Amino acid sequence: MTWSFDDNLPIYLQIIRILKSDLARGKYQPGEKLPAVRELALEAGVNPNTMQKALAELERDGLVKSQRTAGRFVTEDKEKIMEISKTLAYDEIAKMVENISSLGYEKKDILQLLERYLAEQEA
Amino acid sequence: MNDTMDMIQGGSVSQKAVLQVNSLCKSYGNHPVLEGVGFTIPRGRIVGLLGPNGCGKSTLMKLISGLTQPDSGEILIDGVLPSKQTKSMISYLPERTYLNDWMKIKDILNLFSDFYADFDLERAKAMLSDLNISADSKLKTMSKGTKEKVQLILVMSRRAHLYLLDEPIGGVDPAAREYILNTILKNFEETSSILISTHLIQDVETIFDQVLFLNHGKIVINGEVDEIRSTYGKSIDGLFREVFKC
């Protein structure tokens, strides 16, 4: 089964997001070798050039690094990976805050709601 | 964008366009089919040729493959005009089959090996055995979907410069469609390019680098998929529906 993509965003940006969350989730561990471009492209069902472009972007951000003949590896810098998790979590929170605000809640209510929700989940 | 292409292509491969089409015109009788079509396909690309029925997609493919002659304009395949020489450079999957129904798979494999010096027999055999198709089975006994897969395998088993696939996923079920797209991606080499015509855009748009919209014999959009997505804020399929609204 190939990856699923939204209609309104460039595909390479969506690939970057998926790969970043793979890194955050630990699907690929720090220092681990990534599958080859072609393999990843097949898995995603995308053009290899598009996959290459997404990986080049991750490389620019220092999240993966190329070793000329050996392939591409996840960074060993665990802090960088933590940073991704945080950024992705912030993105989710931003979406949530926007959605709840649109229901008419004030900012201070949102925190209260969230706390109550978490408490109920635990109970 | 260009850095990416260069990286994939490496330095050793010629940078000349695989396909260059200039001011191409073709009419059938009084009916103009192509009116001044021009575009370039660099090496290492998968390009979608998109347009409604009757817009000239198949005619364009036939002209590139040299099966029919243009009224005016020019086609260059790796810098060469369509000729006997370019037939060995192009692997063409026509809209309709030209294989005889009574043939066995092994006959067809022999035919392709005889005809095309660049036919990779082992690769074709491996792909056919992945599908559990035996060398002794006849085309006649196969379903439409299986026949289409067999033809695609034959075409993609050549080591050509340019692949022309005319509606490779028309009329097959979604599972067969996925198999076909996978086969295209797996066999795609950075030294060649693939031109795929289709009107089933949604299923295939993620495998294209570049798309050409053909309408009433003219190219109305020619661009990189991701650039189009960010410019218009919609998928190629969405844009197609807008451009070709009936």
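Bear in mind that the values in this text are calculations on the coordinates, not laboratory data. From a predicted model like this one, the values you see are computed outputs, not experimental measurements. Reconstructed Cβ throughout: ideal geometry from the backbone, glycine too, with neighbour counts over all protein chains shown.
Does B:Lys245 qualify as being closer than 23 Å to B:Glu35 by Cβ and assigned to a loop (DSSP other than H, G, I, E, B)?
Values: closer than 23 Å to B:Glu35 by Cβ: yes; assigned to a loop (DSSP other than H, G, I, E, B): yes.
Yes.
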Inset, instruction - State whether the residues of region A:11-24 include one that is away from chain B (no Cβ under 14 Å), assigned to a loop (DSSP other than H, G, I, E, B) and over 27 Å from B:Glu205 (Cβ atoms). - result: no
Legend entry - Total residues in region B:41-68, condition more than 20 Å from B:Phe244 (Cα to Cα) and either surrounded by 16 or more Cβ atoms within 10 Å (Cβ to Cβ) or among the aromatic types (Phe, Trp, Tyr) (or both): 12
Legend entry - Scan of region A:53-67 for residues that are surrounded by fewer than 15 Cβ atoms within 10 Å (Cβ to Cβ), within 14 Å of chain B (Cβ to nearest Cβ) and in contact with a Lys or Arg (Cβ under 9 Å, 6 or more places away or on another chain), ordered by number: A:Glu59, A:Ser66
Legend entry - Residue check for B:Ser113: in contact with a Phe, Trp or Tyr (Cβ under 6 Å, 6 or more places away or on another chain) and either crowded, with 17+ Cβ neighbours inside 10 Å or within 14 Å of another protein chain (Cβ to nearest Cβ) (or both): no
Inset, instruction - Being assigned to a helix (DSSP H, G or I) and more than 13 Å from the chain's Cα centre (by Cα) is the filter here, so list the residues in region B:188-206 that pass it. - result: B:Ile201, B:Gln202, B:Asp203, B:Glu205, B:Thr206
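Only residues that are assigned to a loop (DSSP other than H, G, I, E, B) and either of a type in the set (D, E, K, R) or buried (at least 18 other Cβ atoms within 10 Å of the Cβ) (or both): list them for region B:17-40, please. Spell out the reasoning first.
Filtering region B:17-40 down to residues assigned to a loop (DSSP other than H, G, I, E, B) leaves B:17-18, B:29-30.
Residues satisfying the conditions are B:Ala17, B:Val18.
Looking only at region A:79-123, which residues are small (Gly, Ala, Ser), surrounded by 11 or more Cβ atoms within 10 Å (Cβ to Cβ) and within 30 Å of A:Gly62 (Cα to Cα)? I'd like the intermediate steps shown before the answer.
Applying the first criterion (small (Gly, Ala, Ser)) to region A:79-123 yields A:85, A:89, A:94, A:101-102, A:104, A:119, A:123.
With surrounded by 11 or more Cβ atoms within 10 Å (Cβ to Cβ) added as a condition, the list becomes A:85, A:89, A:101.
If the condition is that a residue be small (Gly, Ala, Ser), surrounded by 11 or more Cβ atoms within 10 Å (Cβ to Cβ) and within 30 Å of A:Gly62 (Cα to Cα), then A:Ser85, A:Ala89 are the ones that fit.
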Legend entry - Members of region B:187-210 found to be closer than 20 Å to B:Gly54 by Cβ, touching a residue at least 40 places away in the same chain (Cβ under 8 Å) and surrounded by fewer than 22 Cβ atoms within 10 Å (Cβ to Cβ), listed by number: B:Thr198, B:His199, B:Ile201
Inset, instruction - From the list B:Ser230, B:Ser192, pick out the single residue that is hydroxyl-bearing (Ser, Thr, Tyr) and within 9 Å of chain A (Cβ to nearest Cβ). - result: B:Ser230
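Can you pull out the residues in region A:53-69 that are among the hydrophobic types (A, V, I, L, M, F, W, C) and assigned to a loop (DSSP other than H, G, I, E, B)? First the steps, then the outcome.
Of region A:53-69, the ones among the hydrophobic types (A, V, I, L, M, F, W, C) are A:54-56, A:58, A:63-64.
Within region A:53-69, A:Leu63 is the sole residue that qualifies.
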Legend entry - Candidates A:Glu57, A:Glu76, A:Glu32, A:Glu43 - the one that is of a type in the set (Asp, Glu) and closer than 18 Å to B:Asp226 by Cα: A:Glu57
Inset, instruction - State all residues of region B:164-178 that are within 14 Å of chain A (Cβ to nearest Cβ) and surrounded by 21 or more Cβ atoms within 10 Å (Cβ to Cβ); if no residue qualifies, say none. - result: B:Ile169
Inset, instruction - For region A:36-52, enumerate the residues that are surrounded by 14 or more Cβ atoms within 10 Å (Cβ to Cβ) and either more than 14 Å from every other protein chain (Cβ to nearest Cβ) or not in a helix (DSSP H, G or I) (or both). - result: A:Gly45, A:Val46, A:Asn47
Inset, instruction - Could you check A:Ala70 against (1) over 17 Å from the mean Cα position of the chain (by Cα); (2) within 24 Å of B:Ser230 (Cβ to Cβ); (3) among the small types (Gly, Ala, Ser); (4) surrounded by fewer than 17 Cβ atoms within 10 Å (Cβ to Cβ) and say which number it fails? - result: (2)
Legend entry - strands (runs of 3 or more DSSP E) wholly inside region B:44-139 containing at least 2 residues that are β-branched (Val, Ile, Thr): B:46-50, B:72-77
